[in-house]
1. Given R₀ = 41 Å, FRET efficiency for residue 49-residue 253 by Cβ-Cβ distance, to 0.05?
2. Taking amide H positions as placed in the peptide plane 1.01 Å from N, state which residues far from residue 3 in sequence (5 or more) or on other chains have amide H under 5 Å from it.
3. Which whole-number percent gives the relative contact order of region 189-283, counting Cα pairs below 8 Å spaced six or more residues apart?
4. Residue 5: which lysines have alpha carbons under 27 Å from its alpha carbon, excluding same-chain residues fewer than 8 sequence positions away?
5. Among 265-274, 185-194, how do they line up by average Cβ neighbours within 10 Å per residue, starting with the highest?
6. For residue 32, enumerate residues with amide H under 5 Å from its amide H, sequence gap 5+ or separate chain, H modeled in the peptide plane.
7. When the dipole is taken about the Cα centre of the chain, and only Lys, Arg (+1) and Asp, Glu (-1) are charged at their Cβ, what size is it in debye, to the nearest 20?
8. Which one, 205, 133, 217, projects farthest toward the positive side of the charge dipole computed for region 133-268 from Cβ point charges (K/R +1, D/E -1)?
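The values are calculated or read from the model by the stated rules, or taken from the named source; none is laboratory data. Not measured: the values here are computed from a predicted model. Backbone-built Cβ (ideal geometry, glycine too); neighbour counts: all protein chains shown. Quick note on the areas: whole protein, heavy atoms, side chains included, nothing else; ligands and nucleic acids left out. Shrake-Rupley method; radii C 1.70, N 1.55, O 1.52, S 1.80 Å.
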Amino acid sequence: MQICKTIPALRQLLDGYRKEGKSIGLVPTMGALHSGHISLIEKANSANDLTVCSIYVNPTQFNNQDDFEMYPQTLEKDCEMLKPAGCDVVFAPSHNEMYPDGFHENLIQLNFGGIAEELEGKFRPGHFNGVGIVVTKLFNIVNPDKAYFGQKDLQQFLIISKLVKDFSFGIDLVCCAIVREEDGLAMSSRNSRLSQEERNEASLLFKVLSEAKEKLIFGEDVSVVGNEARQQIASNQFFKLEYFEIVDIKSLKPIHKINNLEDIALCVSAHLGKARLIDNMLVKTSKVGVN
Ligand code: AMP
């Protein structure tokens, strides 16, 4: 496994492989890797000749400075996990490499339309602009055949799908299923911020999502199901609920009536101690190409 810290070094390395006709799969991450990330690497490894993992804590997608500063950086440990998973190349650039002119001013503005205004868009201003910029940079630097993202960040996947379509990137996107802890908590680099007491409560989001999904399948009223879910989270003293929404999977707008169970996603975000947790569940998994 090779580690590249600069764009020219990575380009030179990948050009060599490309000349040999090798296909390239890219897995963009912010590091502090866990089994969820590793599942993306394994998927990339099984479908491409070469797997590239980028590790970069991208400042332009953080709307909260504390969150950025607290973000764990564990490059050495990450590399130890990546190698046995079949990763061939790690791209771990510096801020200067990614944003030589700085990243606070004159940042290009991308407009993703209504899809970026729902859910996370209401609570993380500028977040998807930063995601769009860094992913565009990574696509241009790596020029992969396929790129792997997690359903854990469902809205991000839809935004990147739009980016690929609108900018005509010739890249196949693969959406990978959410990897969970035994009690259902979705794995996240931010889970390490939870105290033991908070960690014991953390699976509530999975429980609430699962119950709401069952109720929808059973035919219960959408607004009743949504309100019960919100109530369950809000009444837990450890959580500060941001949103629980039952949405259309394409527009991410809240739905009020079910026409087709396949068109529905349940999405939640809540603060628990120092961590902001997000999670989601599809009522039927066929739609986003989760595999
Ligand atoms: P991050 O390092 O948090 O930016 O995540 C990098 C990629 O891993 C994103 O595409 C995430 O959606 C994905 N990911 C994060 N957590 C999980 C998880 N628990 N299961 C599957 N994929 C995940």
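1. Taking R0 as 41 Å, the efficiency between residue 49 and residue 253 is 0.55.
2. Under 5 Å from the amide H of residue 3: 90.
3. Dividing the mean separation by the residue count of region 189-283 yields 32 percent.
4. 19, 22, 43, 77, 83, 137, 146
5. On the way: 265-274: 20.8, 185-194: 19.3.
With the highest mean Cβ count within 10 Å placed first, the list reads 265-274, 185-194.
6. The list, which skips near neighbours in sequence, is 74.
7. It works out to roughly 400 debye.
8. Among 205, 133, 217, the one farthest towards the positive end of the dipole of region 133-268 is 133.
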